[in-house]
1. Let me spell out the model: positive unit charges on the Cβ of Lys and Arg, negative unit charges on the Cβ of Asp and Glu, origin at the Cα centre of the chain. What dipole size does that give, in debye rounded to 20?
2. Select from G234, N33, G147 the residue farthest towards the positive end of the dipole of the chain; place +1 on Cβ of Lys and Arg, -1 on Cβ of Asp and Glu, and compute about the Cα centre.
3. What's the local net charge at V109, with K and R +1, D and E -1, over the other residues with C-beta under 14 Å away?
4. Would you mind telling me which residue in A169, A67, A226 has the biggest mean-square fluctuation in a Gaussian network model of the chain, where springs connect alpha carbons within a distance under 10 angstrom?
5. Output the Kirkwood hydrodynamic radius of the stretch 101-212, Cα pairs only, in Å rounded to one decimal.
6. Can you list the lysines whose alpha carbon sits under 21 Å from that of K35, skipping same-chain ones fewer than 8 residues off?
7. Run down the aspartates and glutamates and flag those whose C-alpha is under 15 Å from the C-alpha of K4, throwing out any fewer than 8 positions away in its chain.
8. Taking the Cα atoms only, what angle lies between the long axis of helix 197-206 and the longest principal axis of the chain, rounded to 10 degrees?
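The values are calculated or read from the model by the stated rules, or taken from the named source; none is laboratory data. A quick note: this is a predicted structure, and the numbers were derived from the prediction, not measured. Here the Cβ positions follow ideal geometry from the backbone for every residue, glycine too, while neighbour counts run over all protein chains shown. Each accessible area value is taken on the protein alone, full model and side chains, heavy atoms only, with ligands, DNA and RNA left out. Shrake-Rupley method; radii C 1.70, N 1.55, O 1.52, S 1.80 Å.
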Amino acid sequence: MKQKTILITGASHGIGKAIAARFAAEGFSLVLNCKNDIDILRDYAHKLESTCGAQVLAIPGDVSDHAFVCEMFAQAEEAFGTVDILVNNAGISQIGLLSDLSIDDWNRVIATNLTSVYSCCHEAIPGMIRQKSGCIINISSVWGNAGASCEVAYSASKGGVNSFTKALAKELAPSNITVNAIACGVIDTRMNKCFDEEERAALESEIPMGRFGKPQEVAALAWQLACSPAYLTGQILTIDGGWQ
């Protein structure tokens, strides 16, 4: 039986890195991607190979570039065959007033957070359809549901991911391919290092669980989705400690 393969974008830090660790421990072959921190990604790939015995292929590059995504999937399929699970995790934020947001910054956020999801799904789907199975997990945000002041571009991109998830799930359900999204609250990752101690304490006080979430908790939910019945599809699952 073919060993299952997972492809994870934005895998050098935070949520993507935690998901990689979880699936490596479960015996998957991994294709890991990031745009920056290439040495960190490659070192982590070697670590997973040595500690978990996983087969890991690190492919650095920008998933907002459709041509790169096509090449990444070609490399992945040459190495491992069909990608069984796709995790669209790559994402960036842009904080500030919309009136101060340049069109270049807007396009950069939308391309990284939303267009990359299109590109990766577009390349993953044919193989999944051929084998009549597959799992797509999109990492989204509570701001895709509610919107956040001073994060209009980010909120719009994640709202797009949520609608994309629901629509694609309906399209792929006849092929036994699930599509779900995880809407994260405040997770203790590099993206949220922008908060100083006072801001962090104030934010934690708003969260009923009284703390930021851990990347490993999101990874645990991703694993549960990968193991869930195929009838669970088209859902936006929120993990936020009861915050929103």
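1. 860
2. Farthest along the dipole direction, towards plus: G234.
3. Computed value for this residue: -2.
4. A67
5. Computed over the stretch 101-212, the radius equals 15.7 Å.
6. Result set, ordered by chain and number: K17, K47, K158, K193.
7. Cα-Cα hits under 15 Å: E26, E77, E78, D84.
8. In the chain, helix 197-206 runs at an angle near 80 degrees to the longest axis.
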